[in-house]
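Chemist: Take this structure first; my questions come after.
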Amino acid sequence: MIKIKLIFFTFLFVLSSSIAQTDSFFNNLRLYQLEDATRAISLLPPNCQPLAAWQVTFQKEFDTSSDSFKSLGQLDKPNDNSIGDYIYYINWGDFYFYNTLDENIKSINNYKKALAIAKQEENRLLTAEALKRILTLHRIHYLYNNKTYLPFLEDYQEIVYDPYEEAYYHYFNLILNFKNYDVENWSNTSYTALSKYFKNNRKPYLQGISETVFASYFEEINEIDSIWHYAHSAERNLSEIPYSYKGSRLNQIYSFMSRIALQQQDFESAAKYTDSATKKMFTSIDLKSRSLGHYQKSVIDSARGDFLSAYDESMKYRGSMATIEEAAQNELFNELQVKYESAEKEKQIIIEQQRKKQNRNIAISLGGVLVAVTVIGFLAFINTKRKQRIAEQQRELEIQKTEKLLKEQELTSIDAMIQGQEKERQRLASDLHDSVGATLAAAKLQFQHLANNREKGDITEELFEKTGKLLDDAYTEIRTMAHVKNSGVIAKNGLLPAVQKLARNASGVNGLTIEVEDYGLEERLDNLLEIAVFRVIQELVTNIIKHAKATQASIAINQYEDSLSIIIEDNGIGFNARQLPQKDGMGLSSIEKRIEHLEGTMEVDSTLGKGTHILIDIPL
């Protein structure tokens, strides 16, 4: 009796030790502690070790083109209906999932076999690992667009056994319910739970893939700062992982960042992210990132004016997307084919039973079963066709969404180029008229004054110097525009010094004296606003010189808390303000348009023989 008890307890000890060693390997694997997992392989049963080594090597290399990945076909199935078969099915599920686009029915069937073994062993750790793979498959492929993930997600929620697994549950709860970018299905509970978890736990892979989902959500609600915050954080977390299993996920976040940069017309950043996303393809999952890379390069090349390259990339994008769509259709066909073959096997079993049974009652019963199977098969076929139609409609919606995005972004890039060219033409025309035109007009008047006083001998050295100074200013302004710079005086000294210099240059022309008064201009305004205001004042001073025949003028610039007030007066001949000439040009109508663009107002008060008073108010 004592010997029997000793043998029994020895058996329990060996069994518990074996389970602990198995859990040690898979625990290291789930936490991506791959070096510890490698050392734990030797603790597994001998028939499990080659399969476990394959799994660890795949996580490290993550390259479906490598010889080590393809060597899975040379490894035997343990046939122990336990841990060995569990690893065998997990490996083959990974093989089909990461190596093909149209055989995921085989992948999920292998994962389900592994799940059945884990439940048979009543092992929560192995059950969780199988469920995570099934949920990941739903995340990436067409199954993502239906509700078949729900029972697996519910099973996973029930068996989570530590904070790390709970965080993984919230990740799947977010991404699977946020399908088709439906913000109404976004779970703030899961988002908050993950955010709190990452504050106290350093899990770069889980945090990287979770923040990728966060960035997609904030894209849908158009919160740009949050998009880039989470995208950059996801990139940093994934990049610090020393192994290649992060590769496809890193490609996906780079592709996402390129798309956001394109929407913001930041073509240089978009090109950098696209190059990163397409530099290396690890598994079949990267085919989509590479395909989108062709589209992104097409838009970037179009914006740069390289339309030949843009057309070439566009054709590559269409070809690669056709391959992906064809694979999705093949995947549906493969699923139907598997179901059909299963039904045929069941039918053959029933036929064999009919041949072995001679009893008439049994034959009648079997006949009833056949009828029932036929009806069920017909109903299943109808249901399958319905699901196929739904799947096709969903794919069509995805294609339409993609094409719409293509057209919008192509039009955006074209509009940006056209608007940029038009703005540059307008700016150049405006600067030539406002800056150089005004200076040359003043110089012309000075020359006329020299000509009128040449015979009288009343030409002074000061008049020569002022005329020469105006010509120097005109040369300087033309040279500045040629180097695509703002008005040097404005950019360097501000609005008030520029206006004071303008008044000094204009004073003395035709006996004109211009005074400048200011209030509240202690701090500089926005550079673009200062330039715009200076151009308006410059144009009005030019009008006074050319048309007013005034001897005195004043410019008052007052800055208040929420507005800028400009008052320009002269004692010239004035004009009828109610009958302004309606013509295209760069006079008062052009000035009024500039003020309207600044959301300001302009009032003109002028009477023949009594001068002109102009009041401008611009909000700050």
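Chemist: For the pairs Lys546/Lys610; Lys60/Lys279; Lys297/Lys387; Lys60/Lys387, note any where the Cα-Cα span goes beyond 26 Å. Present the calculation step by step, with values, prior to reporting the outcome.
Modeler: Working: Lys546/Lys610 17 Å; Lys60/Lys279 18 Å; Lys297/Lys387 36 Å; Lys60/Lys387 38 Å.
Violating the 26 Å Cα-Cα cut-off are Lys297/Lys387; Lys60/Lys387.
Chemist: Now for a separate question. Only counting other Cβ atoms within 10 Å, I'd like Arg389, Arg30, Arg535 sorted with the fewest neighbours first.
Modeler: Arg389, Arg30, Arg535
Chemist: Also, quick follow-up: What is the order of Ser565, Ser589, Ser248, fewest Cβ neighbours within 10 Å to most?
Modeler: Values: Ser565 16, Ser589 13, Ser248 21.
Fewest to most other Cβ atoms nearby, the residues stand as Ser589, Ser565, Ser248.
Chemist: Continuing with the same structure: Pairs to check: Lys70/Lys106; Lys469/Lys501; Lys77/Lys132. Give those whose C-alpha atoms are more than 21 Å from each other in this structure.
Modeler: Numbers: Lys70/Lys106 17 Å; Lys469/Lys501 12 Å; Lys77/Lys132 23 Å.
Distance filter (> 21 Å) returns Lys77/Lys132.
Chemist: Something else about it: How would you rank Leu379, Leu564, going from fewest to most other Cβ atoms within 10 Å of each one's own Cβ?
Modeler: On the way: Leu379 10, Leu564 22.
Fewest to most other Cβ atoms nearby, the residues stand as Leu379, Leu564.
Where a number appears in this text, it was derived from the coordinates with a stated rule and is not lab data. It should be emphasised that the depicted structure is a prediction, and the values quoted were computed from it without experimental measurement. Glycine also receives a Cβ, built like all others from the backbone with ideal geometry; neighbour counts cover every protein chain displayed.
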